[in-house]
1. Would you check the accessible area of Arg82, probe 1.4 Å, heavy atoms only, in square angstrom rounded to 10?
2. Kindly provide the helix-only [θ] at 222 nm of the chain, computed as the sum of -39,500 (n - 2.57) over DSSP H runs of four or more divided by all residues, to the nearest 500 deg cm²/dmol?
3. Out of the GluC sites (Glu not before Pro) in segment 102-177, which ones are loop residues according to DSSP with at most 11 other C-beta atoms within 10 Å?
4. Can you tell me what percent of all Cα-Cα pairs in segment 14-128 are more than 17 Å apart?
5. Might you tell me the accessible area per residue for segment 229-388, computed with a 1.4 Å probe and given in Å²?
6. Of Trp355, Trp272, Trp196, which has the most accessible area with a 1.4 Å probe, and how do the rest follow in descending order?
7. Just add up the charged neighbours of Ala19: K/R +1, D/E -1, any other residue whose Cβ is under 13 Å from the Cβ of Ala19.
8. Please state the charge dipole magnitude for the chain, taken about the Cα centre, from unit charges on C-beta atoms (+1 on K and R, -1 on D and E), reported in debye and rounded to the nearest 20.
Amino acid sequence: MHLVFITLKVVLIGCTLAADAFYILSMIAGFRFFARRESEREHLPPVSIMVPLYGADFKAYQNYARLCRQDYPEYQVVFGVREADDSSIPIVERLKADFPERDIALVISPEAIGQNLKVGNLRNMYPRVKHEHVVIIDSDIRVTADYLRKVITPLANPRVGLVTCLYRAAETPDFAARLEAVGITAEFAPGVLMAWMLEGVKFALGSTMATTRARLEAIGGFQALADYLADDFMLGNLIAADGYEVRLSQHVVETAMAPAGFAGMIRHQMRWARSTRISRPLGYLGLILTYGTALAVLTVLVDRASSFSLGLLAFTLIVRLTMGWLIGVHWLNDGILRRNFGLLPLRDLLSFGIWCSSWIGKRVEWRGRIFEVTANGKMIQVAGPGVI
């Protein structure tokens, strides 16, 4: 029993120190990323923005209107819904009335090409796309007037196949949203920056996927993504596998988070966690080395609050909080994280709990449907509308 105790303590100390190293390397990655100069000459070809919709998003009109106020010479916006009674349709119609000079299309079609109904929606919208350059963007994303100029210009480089963006929360209407928002720039973004520094970005984020019709069709079009839960990840992954660079832009967009409540926030986090664990188990296992706060707390408990364990916890918190402030507040300019910075240790403990829980089960809930995620990241609906 004594040997087991010693082994556990050594493992916890080693993992905590590895997490501290991750925090330090993340700061180095952030410094290198934001110190770059994006000096490419502006490239402003005509663009089609694709926005798949499912119900009216939180403050939807404000989000969509920003897409219509782009400082860009020629572009269209294509919205798509599956049902004729979708609550987002009146908002799009209002948008058409308020921006008569803007080329706005609305596609209504229930056709599906696989288990992922969002991808099916995109496929239904695709025939209305007029231009070679395409930007796919989640419906809860809020952008600035120079957005298109920033994300399209890198595509002038023939080696770049897709451009994607980091994001931060625009606002947080309840405590659960604040807790989730803290993790976006202080937990998720550091992981993306580490991937960028160590091996390059080989995935895309749904906040922005700017590419071309040629690149999209070369990987098999939307049909290639039709059964994947993480369709944004797969789009970037397939384009990278096709030999093109996935460029992580320095331009940061925002997500308008709805008041989902604590249970809704947990479901959202668990969906991402389980799908990642099932489709990329080794990489997901490695995330244990990023949960320094929780590991240091466990070390204190196992080592009965020894001076060493308390010192390790203090050191870990200093490094962790410094990393969160530098990346989230300083570089990503996240005002919500700045105002709620004290929630970061709690968010760390919650994330560790979700990571542990996600190892049990293969089912996720998404928009009222229950799916089972297979070993290759594809999903099969097992309950909810459409299942007999």
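The values are calculated or read from the model by the stated rules, or taken from the named source; none is laboratory data. All values reported here derive from a predicted model rather than from experimental measurement. For neighbour counting, all protein chains shown are included, and Cβ atoms are generated from backbone atoms with ideal geometry for every residue, glycine included. SASA here: full protein model, heavy atoms, side chains in, ligands and nucleic acids out. Shrake-Rupley method; radii C 1.70, N 1.55, O 1.52, S 1.80 Å.
1. Approximately 40 Å² for this residue.
2. For the chain, the value works out to -14000 deg cm²/dmol.
3. Glu111
4. It works out to 66 percent of all Cα pairs.
5. 46
6. Trp272, Trp196, Trp355
7. -2
8. That gives the chain a dipole magnitude of about 600 debye.
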